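Enquirer: One structure follows; several queries about it will come next.
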Amino acid sequence: MVERVLIVDFGSQYTQLIARRLRELRVYCEIHPPELEEGFLRAFAPRAVVLSGGPASVGEASSPRIPEAVLALGVPVLGICYGMQALCAQLGGRVAPARAREFGRAEIELLAESPLFDGLMRVGERAVVWMSHGDEVVELPEGFAVVAASGAAPMAAVADERRRLYGVQFHPEVVHTAIGKGLLENFCLRIARLRGDWSMAAFRRLAVERIRERVGEGRVLLGLSGGVDSAVTALLVHEAVGERLTCMFVDTGLLRLGEAEEVVGLFREQVGLPLVAVDARARFLARLEGVVDPEAKRRIIGHTFVEVFEEESEKLGRFDFLAQGTLYPDLIESRSAGGPSATIKTHHNVGGLPERMRMRLVEPLRELFKDEVRELGRELGLPERFVRRHPFPGPGLAVRILGEVTPERLALLQRADRIFLEEIERAGLYDSIWQAFAVLLPVRSVGVMGDARTYEQVVALRAVTSEDGMTADVYPFDPAFLARVAARIVGETPGVNRVVYDVTSKPPGTIEWE
């Protein structure tokens, strides 16, 4: 029996970090919005509940509430920031605008012993935490006591030990809170007494059972891109249904240099998956001719891919299911109403397939983060070079060519991108970087090369670190490394005379080059 923790999402930019921290403790958890029905809660049967932070104010009439069914479960509850305020307000306490708002680092002092802080702090000791709040609890519900305070928050941590209800005004899920991981570990393993034994081996067994139960004797079609998500999905589904899986690889012509040959060679000849390869390069390039708008490119590529996919699948007979590598961040982003996901997810089928396809979805990875998918890939025996591969956008290099996509510009970008990744590998940096790639800018630069004046293309380089791609920080390359890469790209890529490095970070909720 899998032990589950329910994370109620009140809209915090850090909610996904809570899930990541619990998964790091080998505790299985899921994020769900506060609109939860009692039947779902009974079926989910959480052993503990975490209430996330959020941007709302408890005093507002439209602010989200904790479902009464959650509070009636009788399991340990940890409220974080808004979650703490909502917990206290709904149990009879009072929340008001903070006398001094706190945003950023703060110090808390432990005022009373609590299993939440066992082994982390002693009474009278201080610790650095991350605060982000404009309201505060000013009156506690019956049974609660103050456990910790900061200079601006007299009730920075509270507890009802008898009912195992806890609240912290700070964010233990962010790395800036020095005791954060230990606090979450205390809540899950000591207070909720979870085993912390969730593993990829256990997930593999469960996922194979679920696939077999869903598919029955049906046939499954899978679009294999060569990325780690679709590759792991293919291996998992193949283990479950064997030859009733057919993988289709569509060569759009928008892939990295030599990638089509590598993908087909590995999965058909080495791994032994039933694979159909389709050469659609000419069709994609023809459809993109003259198109400059990036969202128009996405739509054209998406529609053309579906068109090719449907045409080719009809030649292979009737399929009952379509398998795809939807991940947990895809689901989380796609739930945001009016947020950036409306643009980000234009190439996903999150939520269902068009009715005309007459297939049902199989999404065995929808509960996993990217690093967990890589761990599962190793568990399934996927070659390490594919497990380690950086994420690659569904629309391919077309979204990294700003301006018109032509065969000449595509070949130029493929060469520049290959050089960048080769140098990163050679320097031993590939595994330290979440994603690295080159972008062809829609500008030309005047320069002098040899004895001649040039007017040629500009390539931008991008490299970031991240845990799951939802946020990203720029990778701090040594200037000598960048100079070496730039010299190679300019020297080995005719048509390029300037290389720049993008040093912007990606905060939560923003859209950037993929």
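The values are calculated or read from the model by the stated rules, or taken from the named source; none is laboratory data. Quick caveat, the model's predicted, so the values are computed rather than measured. In this analysis, Cβ positions are derived from the backbone assuming ideal geometry, glycine residues included, and neighbour counts consider all displayed protein chains. These accessible areas exclude ligands, DNA and RNA; they are computed on the full protein's heavy atoms, side chains included. Shrake-Rupley method; radii C 1.70, N 1.55, O 1.52, S 1.80 Å.
Enquirer: Condition first: in a loop (DSSP other than H, G, I, E, B), touching a residue at least 40 places away in the same chain (Cβ under 8 Å) and surrounded by 14 or more Cβ atoms within 10 Å (Cβ to Cβ). Now tell me which residues in the stretch 89-111 satisfy that.
Expert: Leu91, Gly93
Enquirer: State which residue is modelled with the highest pLDDT when the search covers only the stretch 386-405 and only residues that are touching a Leu at 6+ places or on another chain (Cβ under 9 Å), open to solvent by 30 Å² or more (accessible area, probe 1.4 Å) and not aliphatic (A, V, I, L, M).
Expert: Of everything passing the filter in the stretch 386-405, Glu404 is modelled with the highest pLDDT.
Enquirer: Right, something else. Test of understanding: among Val474, Val459, Val490, which residue is modelled with pLDDT of 90 or more and either in contact with a helix residue (DSSP H, G or I) (Cβ under 9 Å, 6 or more places away or on another chain) or open to solvent by 50 Å² or more (accessible area, probe 1.4 Å) (or both)?
Expert: Working: Val474 fails: either in contact with a helix residue (DSSP H, G or I) (Cβ under 9 Å, 6 or more places away or on another chain) or open to solvent by 50 Å² or more (accessible area, probe 1.4 Å) (or both); Val490 fails: either in contact with a helix residue (DSSP H, G or I) (Cβ under 9 Å, 6 or more places away or on another chain) or open to solvent by 50 Å² or more (accessible area, probe 1.4 Å) (or both).
Only one candidate qualifies: Val459.
Enquirer: Restricting to the stretch 307-322, name every residue that is open to solvent by less than 50 Å² (accessible area, probe 1.4 Å) and either at pLDDT below 90 or out of contact with any Ser or Thr (no Cβ under 7 Å at 6 or more places or on another chain) (or both).
Expert: Matches in the stretch 307-322: Val308, Phe309, Glu310, Glu312, Ser313, Gly317, Phe321, Leu322.
Enquirer: Still on this structure: Name the residue, out of Val128, Val137, that is open to solvent by 50 Å² or more (accessible area, probe 1.4 Å) and either part of a strand (DSSP E or B) or without any contact (Cβ under 8 Å) to a residue 12 or more places away in the chain (or both).
Expert: Residue meeting the stated conditions: Val128.
Enquirer: Testing Ala152 on (1) more than 24 Å from the chain's Cα centre (by Cα); (2) of a type in the set (A, V, I, L, M, F, W, C); (3) under 30 Å from Ala234 (Cβ atoms), one condition comes back false. Which one is that?
Expert: The failed condition is (3).
Enquirer: I need the full set of residues from the stretch 50-69 which are surrounded by fewer than 19 Cβ atoms within 10 Å (Cβ to Cβ), in contact with a strand residue (DSSP E or B) (Cβ under 9 Å, 6 or more places away or on another chain) and either of a type in the set (Ser, Thr, Tyr) or modelled with pLDDT of 95 or more (or both), in order please.
Expert: Answer for the stretch 50-69, where residues must be surrounded by fewer than 19 Cβ atoms within 10 Å (Cβ to Cβ), in contact with a strand residue (DSSP E or B) (Cβ under 9 Å, 6 or more places away or on another chain) and either of a type in the set (Ser, Thr, Tyr) or modelled with pLDDT of 95 or more (or both): just Ser57.
Enquirer: Of everything in the stretch 222-270, what is open to solvent by 10 Å² or more (accessible area, probe 1.4 Å), β-branched (Val, Ile, Thr) and without any contact (Cβ under 8 Å) to a residue 60 or more places away in the chain? Give them in sequence order.
Expert: Val241, Val264 - these are the residues of the stretch 222-270 that are open to solvent by 10 Å² or more (accessible area, probe 1.4 Å), β-branched (Val, Ile, Thr) and without any contact (Cβ under 8 Å) to a residue 60 or more places away in the chain.
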